[in-house]
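Take a look at the structure below.
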Amino acid sequence: MTNDKEKKEKETTVIVNGREKVVTGKEICFAELVKLAFDNPPTGQNICFTITYRKAMGNKPEGTLAEGECVKVKKGTIFNVTATDKS
């Protein structure tokens, strides 16, 4: 029998583009946030994503995420994910 403390992946509710999302683990990375923000993410060689966050865990509670970066989350961490066309 296992209890909640023995679960390997903790679930945390975060806010992505104004919508509540449940994520597992202690951190979330750039690519995961893009998937959470867009059902069908825009694609193309000129598309780039900008991710800002606030109320995160650790010594950097707010900032921006670059592609490949991750951030530690806590309940209520807020993410804004935008897609822009560089053309």
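The values are calculated or read from the model by the stated rules, or taken from the named source; none is laboratory data. Bear in mind that the values here come from a model prediction, so they are computed numbers and not experimental data. Using ideal geometry, Cβ is built from the backbone for each residue, glycine included, and neighbour counts are taken over all protein chains shown. In case anyone asks, the SASA skips ligands and DNA or RNA and just uses the protein heavy atoms, side chains included. Shrake-Rupley method; radii C 1.70, N 1.55, O 1.52, S 1.80 Å.
Before moving on, here are some points about what is shown:
- Residues that are under 25 Å from Lys74 (Cβ atoms) and part of a loop (DSSP other than H, G, I, E, B) were ranked within the stretch 13-48; the one that is most open to solvent (accessible area, probe 1.4 Å) is Lys26.
- Within the stretch 34-79, the residues that satisfy the criterion of being of a type in the set (S, T, N, Q) and within 18 Å of Ile15 (Cβ to Cβ) are Thr50, Thr52, Thr64, Thr77.
- Only residues that are within 13 Å of Cys29 (Cα to Cα) and open to solvent by 30 Å² or more (accessible area, probe 1.4 Å) were counted across the stretch 52-63, and they come to 1.
- Residue within the stretch 64-86 that is in contact with a Ser or Thr (Cβ under 7 Å, 6 or more places away or on another chain), at pLDDT below 95 and either outside any loop (DSSP other than H, G, I, E, B) or surrounded by 13 or more Cβ atoms within 10 Å (Cβ to Cβ) (or both) present: yes
- Pairs with Cβ under 6 Å, 6+ apart, first in the stretch 41-66 and closer than 22 Å to Gly18 by Cβ, second open to solvent by 100 Å² or more (accessible area, probe 1.4 Å) and modelled with pLDDT under 95: Cys48/Lys86
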